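Below is one structure; the comments refer to it alone.
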Amino acid sequence: MADPKPIALWAVPRSLSTAFERVFVERDDIEVLHEPFSAAYYYGPDRLSERYSDEDPKPEDSYENVLAEVFKSREKRLFLKDMPYHAKGVMSPEFIRRFTNTFIIRDPKYVLSSLYKMWPDFTLEETGYEQIYWAFRYAEAAGEDPVVVDAMTFSENPVGMISAYCERVGIPFRRNALSWEPGEVEKWKDWEGWHEAAQQSTGIKRAERRDPVLPAEVQEAYEDCLPYYYQLAAHTISPTT
């Protein structure tokens, strides 16, 4: 019997995806890769972003090398969390078919208000919505009924959502993975400043449903992201309890 496909959690930025990933970091039956394609997108010799253009490209971070790491033989099932725009250099229907594809989304008003605080100069591509939409469509075209998680529902009912998620991707649900000791997660060290809340947490914290006021600078990006968000939001799964 063939090894099970890696589980991919495709995300948009600031979507509680790292908190979701943390649940799988706690498990001893899963190996986790944290945003491996970000290295190729931002730092590799074939990088697709100018954000860190003042730094010399790193040959070891080529898309070819990242692919080799993702698809190498391993003893445990792989859980990969990343953003489809990071994988733009290799994204295709054929690429998507190599995973069990899952998605986590969040209303763009929350995403953009948070992203703007971290990167006031973010690009439209870095919002992630158009690329996650196409990854979802590729998965559908491959015959999948992709799992889509709403970030706010996850934060409000983590037990029910993780339970439903595990059932859909074919792995046992482990309630004890929903809490942990606070501390640095080695896998996240390359993105210092982005994951402090998830590192210092002891479990999934309920996200506040507020209505952030978007700066005028991001209003156009919000209008661009909204249709993609609505397309995926129509497919979100429900918690088991």
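Conditions (1) over 17 Å from K5 (Cα atoms); (2) surrounded by 21 or more Cβ atoms within 10 Å (Cβ to Cβ); (3) not basic (K, R), marked per residue:
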| site | (1), (2), (3) |
| --- | --- |
| P45 | yes, no, yes |
| L67 | no, no, yes |
| K72 | no, no, no |
| P93 | no, no, yes |
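For region 108-117, a residue qualifies if it is within 11 Å of Y129 (Cβ to Cβ) and not aliphatic (A, V, I, L, M), and exactly one does: P108. As for region 36-50, it holds no residue that is at pLDDT below 95 and basic (K, R). The single residue among R98, R51 that is closer than 24 Å to G143 by Cα, out of contact with any strand residue (DSSP E or B) (no Cβ under 7 Å at 6 or more places or on another chain), assigned to a loop (DSSP other than H, G, I, E, B) and among the charged types (D, E, K, R) turns out to be R98. Of all residues in region 145-162, at least one satisfies being without any contact (Cβ under 8 Å) to a residue 24 or more places away in the chain and not β-branched (V, I, T). A Cβ distance below 6 Å, combined with a sequence gap of six or more or placement on separate chains, defines the contacts here; from region 110-121, residues that are free of Cβ contacts under 8 Å to residues at least 12 places away in the same chain reach no residue that is surrounded by fewer than 20 Cβ atoms within 10 Å (Cβ to Cβ) and not hydroxyl-bearing (S, T, Y). Quick one: which residue in G143, G160 is at positive phi, out of contact with any strand residue (DSSP E or B) (no Cβ under 6 Å at 6 or more places or on another chain) and surrounded by fewer than 18 Cβ atoms within 10 Å (Cβ to Cβ)? Matching residue, one of G143, G160: G143. The residue that is modelled with the lowest pLDDT, among those in region 76-110 that are farther than 14 Å from F20 by Cα and of a type in the set (F, W, Y), is Y110. Inspection of region 6-19 finds no residue satisfying the criterion of being over 30 Å from E223 (Cβ atoms) and without any contact (Cβ under 8 Å) to a residue 60 or more places away in the chain. The residue pairs whose first member lies in region 219-241 and is part of a loop (DSSP other than H, G, I, E, B), whose second member is surrounded by 15 or more Cβ atoms within 10 Å (Cβ to Cβ) and not small (G, A, S), and whose beta carbons are closer than 6 Å, counting only pairs six or more residues apart or on different chains, are H235/V148; I237/V147; P239/N157; P239/M161. Cβ contacts < 9 Å: first residue more than 16 Å from E130 (Cβ to Cβ), restricted to region 69-91; second residue acidic (D, E) and assigned to a loop (DSSP other than H, G, I, E, B), any location; separation 6+ or different chain. Result? Qualifying pairs under 9 Å: S73/D3; R74/D3; K76/D28; K76/D29; R77/D3; R77/D29; L80/E35; K81/E35.
The values are calculated or read from the model by the stated rules, or taken from the named source; none is laboratory data. Predicted model, so just to flag it, every value in this text is computed and none were measured. As a convention, Cβ positions derive from the backbone with ideal geometry for all residues, glycine included, and neighbour counts pool all protein chains shown.
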